[in-house]
Amino acid sequence: MLIERIINKYKTISIVGMAKNAGKTVTLNALLDEAYESQVTIGLTSIGRDGERQDLVTQTEKPMIYVYEGTLVATSESLFQMSDAKLEVMEITDFHTPMGKIVIGKVIFPGYIQIAGPSRNSEIMSTAEKMRDFGANLVVVDGAIDRKTTASPSITDATILSTGAVLSRDMQTAITKTVYQVALFNLEKTEDVSIRAIADQAIRNNEITVIGETVKALDIKTALNAGHTIGAALKDDSTAILLPGSLVTKTVMDMIKTNHHYKHVTVVVRDATRIFIDYKDWIYFEKLGVRIKVLDSINLLAVTINPTAPEGYYFDRESYKNQLAFYLKDLPVIDVMS
Amino acid sequence: MSSQVDLTKVKPYGDTLNDGRMQFSFTLPVPFGDEADEAAKQLLIKMGIEEPSIVYSEDLGVGYTFFTAYGKCQHTVDYSSIEVPKVDVEIMDKYGVEDFIKEHIKRDVVIVGACTGTDAHTVGIDAIMNMKGFDGHYGLERYHGIEAINMGSQVPNEELIAKAIELNADAIVVSQVVTQKDVHILNLTNMIELIEAEGLRDKIILICGGPRINHELAKELGYDAGFGPKTYAEHVASFVVNQIVDRNMI
Ligand code: B12
């Protein structure tokens, strides 16, 4: 059971997907059922839109969401009124979305519900806290489409990754993409205490910082489009470069083109949700000796799989699951569709 | 709306209420003639149209025929249950926006925009941003108190964001026209993820627009607003200046 790996360990978890139709909602429903059986009070929200019968983007049928008595939900005003479950209003927040203000409610009579909660990370954190104050033992933040920022350890304590055949008609390609995503989530943490100490300040001040014999904050506001500047700032004695924001392919590419010193420098980012490098580029950078580490790794609880794609093709259940499990070693791989 | 109309069962109107009458016009890749008319009629029957009649057909040459047809629709829709989320802000005209900025914001509002990713359609974003605007509505560049920067088309998300950071922009406006294989969806979520990664999300107003974008989709994607067809600069400007005040970004 998933819930056993979660209760009493984490306060807030996220479900993120590799793509739409990877089975996030089915995973969520399974979790809600398990939580009910284990008498865990859930606080539920979604950064996208969940529980509507028909998908807005693909016009395909979607699973509905059933909530039990006592569950707390954060959803937009307009969906609050439409819900089949009966809800008591606990708080009307100041958080606006294109579908109205976010309302926090408590289920007093079970039923189906549609969820469209806050989408901004700062608002998600504050909504989660509110739901915990109203009695939720565990807050679940459901993702949207292929968005993964909610997996950031600064937002949620642990994550479930949903993936499936929708990624590619070719099973090997689908597996490779997922294994790479898991590898990013599990990316090695820098244990260097001095780097960690400097990082705190760099993040707070949003300063791109080069660490060597001295510590130097660069005069740039973002690493985007600034790979050359970063490369030029690396010297013989540099050991690490701290990035408070994102790390994209072009930044790395420009950095290595400018200067060979990158070979003895570790690029440190806050967590894997800040990395935007695809698999092929990652392998290339690895070959050139680029080292990337994180300050916080993501607590990945399980990978759930959906062997069927909405286009109608599907993978052989057993071999898909077994192969993925083989690559992912100790991580549980759960077929939520079976 | 007439009082005898049952809004839970709305049907097309021809000349009497609920007659279901509709007009169709389309082209088939078949040569002009009686067989062509019959093909058009059969197609309408397959579409569920009752009593189809082809009232006009024209030879387009090279084996194509154009038709105008009438028929009766049997279906109804429940108008009373329809709810379309819309951008909830009072739309001001250009002068209204300019006064609003002078009175409440008291500094220039910076808006950067582009048609992003692989999308090469510039007309939509130009309609909103460029001086001359669209359909008799001036674009954002013409507004006093707004500094509008249009970066053009096929702009990578990271370049648009870098520009917004450089200029300390209040809003980023993104146009997406091509929607084949849902490329626009992935491109739009990538934008949001990058902005969150950069720690910018709370400091910036994020808007998307295009012929197949709407406000509801914008929510699912994590944007503050989405604008579809028939949008003018004043819609975007009214939303942005109100958000600046509501979100305390002055
Ligand atoms: C002109 C045009 C082109 C020109 C573009 C020239 C240019 N500089 O822009 C050219 C010839 C280059 C072109 C190329 C292609 N095109 Co083209 N093109 C069109 C066409 C005919 C008109 C688009 C247009 O300008 N509309 C007028 C503007 C004013 O309307 P709009 O974009 O909807 O913008 C309004 C609103 O949507 C909104 N809005 C738009 N953006 C934004 C942004 C913000 C922030 C806001 C607030 C509002 C907003 O406000 C605007 C004003 O009200 C359409 C068909 C059609 N009739 O719509 C096809 C069309 C868009 N193209 C199409 C396609 C497929 C292509 C190509 C892929 C063709 C090909 N196979 O090569 C290429 C794509 C190249 C690429 N990489 O993107 C398809 C898209 C299908 C889809 N759903 O994905 C269309 C619909 C044609 C069709 N029926 O197949 N195209």
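Quick notes
- Residue in the stretch B:207-220 that is within 23 Å of A:GLY17 (Cβ to Cβ) and either of a type in the set (Ser, Thr, Tyr) or not assigned by TED's automatic domain parsing to the domain that holds B:GLU158 (or both) present: no
- Yes/no for B:GLU141 being more than 9 Å from the ligand (Cβ to nearest atom), among the acidic types (Asp, Glu), in contact with a helix residue (DSSP H, G or I) (Cβ under 9 Å, 6 or more places away or on another chain) and modelled with pLDDT of 95 or more: yes
- Looking only at the stretch B:197-221, residues that are of a type in the set (Gly, Ala, Ser) and within 16 Å of the ligand (Cβ to nearest atom) come to 3 in all.
- Among the residues examined, B:GLU141 does not qualify as more than 14 Å from every other protein chain (Cβ to nearest Cβ) and either assigned to a strand (DSSP E or B) or in contact with a His (Cβ under 6 Å, 6 or more places away or on another chain) (or both).
- Meets criteria (at pLDDT 95 or above, outside the structural domain of B:THR16 (by TED's automatic domain parsing) and either assigned to a helix (DSSP H, G or I) or away from the ligand (no atom under 16 Å from the Cβ) (or both)) for B:HIS121: no
- The sole residue among B:ASP119, B:ASP126, B:ASP88, B:ASP135 that is charged (D, E, K, R) and buried (at least 22 other Cβ atoms within 10 Å of the Cβ) is B:ASP119.
- The stretch A:28-47, residues that are surrounded by fewer than 24 Cβ atoms within 10 Å (Cβ to Cβ), touching a residue at least 40 places away in the same chain (Cβ under 8 Å) and touching an Asp or Glu at 6+ places or on another chain (Cβ under 9 Å): A:VAL40
- Pair list, Cβ < 6 Å and 6+ apart or interchain, from the stretch B:102-128 residues that are aliphatic (A, V, I, L, M) to residues that are exposed (fewer than 12 other Cβ atoms within 10 Å of the Cβ): B:ILE105/B:ILE250
- Qualifying residue in the stretch B:200-215 (condition: more than 7 Å from chain A (Cβ to nearest Cβ), part of a helix (DSSP H, G or I) and crowded, with 18+ Cβ neighbours inside 10 Å): no
- Any hit, the stretch A:181-202, residues being within 13 Å of another protein chain (Cβ to nearest Cβ), more than 30 Å from A:ASP316 (Cα to Cα) and buried (at least 16 other Cβ atoms within 10 Å of the Cβ): yes
- Condition met for B:GLY63 (within 16 Å of the ligand (Cβ to nearest atom) and of a type outside the set (S, T, N, Q)): no
Listed here are the residues, each with its yes/no results for (1) under 23 Å from the mean Cα position of the chain (by Cα); (2) among the aromatic types (Phe, Trp, Tyr).
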residue	(1), (2)
A:THR75	yes, no
A:GLN81	no, no
A:PHE109	no, yes
A:GLY135	no, no
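- Flag for B:VAL174 being under 27 Å from B:LYS94 (Cα atoms) and more than 10 Å from chain A (Cβ to nearest Cβ): yes
- Across the stretch B:77-101, the qualifying residues are those that are more than 15 Å from B:VAL245 (Cβ to Cβ) and without any contact (Cβ under 8 Å) to a residue 24 or more places away in the chain, and the one among them that is nearest to the chain's Cα centre (by Cα) is B:GLU83.
- For the stretch B:62-107, a residue qualifies if it is among the aliphatic types (A, V, I, L, M) and on the phi > 0 side of the Ramachandran plot, and exactly one does: B:VAL62.
- Of the residues B:GLU158, B:GLU196, the single one that is closer than 14 Å to B:GLY117 by Cβ, within 11 Å of another protein chain (Cβ to nearest Cβ), acidic (Asp, Glu) and not in a loop (DSSP other than H, G, I, E, B) is B:GLU158.
- Test: B:LEU194 is surrounded by fewer than 21 Cβ atoms within 10 Å (Cβ to Cβ) and away from the ligand (no atom under 13 Å from the Cβ): no
- Of the residues making up the stretch B:87-118, just one is more than 11 Å from the ligand (Cβ to nearest atom) and of a type in the set (Ser, Thr, Tyr), namely B:TYR95.
- Subset of the stretch B:170-191 (residues that are within 13 Å of the ligand (Cβ to nearest atom), in contact with a helix residue (DSSP H, G or I) (Cβ under 9 Å, 6 or more places away or on another chain) and not polar (S, T, N, Q)): B:ALA171, B:ILE172, B:VAL173, B:VAL174, B:VAL177, B:VAL178, B:ILE185, B:LEU188, B:MET191
- Annotation note: Cβ proximity below 9 Å between a residue of the stretch B:25-40 that is assigned by TED's automatic domain parsing to the domain that holds B:ALA69 and a residue that is surrounded by fewer than 12 Cβ atoms within 10 Å (Cβ to Cβ) and in a helix (DSSP H, G or I) (sequence gap 6+ or interchain) occurs for no pair.
- Residue match in the stretch B:223-242 (condition: over 30 Å from A:GLU52 (Cα atoms) and at the interface with another protein chain (Cβ under 10 Å from one of its Cβ atoms)): no
- Scanning the stretch A:232-267 for residues that are in contact with an Asp or Glu (Cβ under 9 Å, 6 or more places away or on another chain) and within 26 Å of A:ALA183 (Cα to Cα) yields a count of 15.
- Each residue in the stretch A:211-238 was checked for being away from chain B (no Cβ under 14 Å) and either touching a residue at least 40 places away in the same chain (Cβ under 8 Å) or among the basic types (Lys, Arg) (or both), and 2 of them qualify.
The values are calculated or read from the model by the stated rules, or taken from the named source; none is laboratory data. Remember, it's a predicted structure, so these values are computed and weren't measured experimentally. For neighbour counting, all protein chains shown are included, and Cβ atoms are generated from backbone atoms with ideal geometry for every residue, glycine included.
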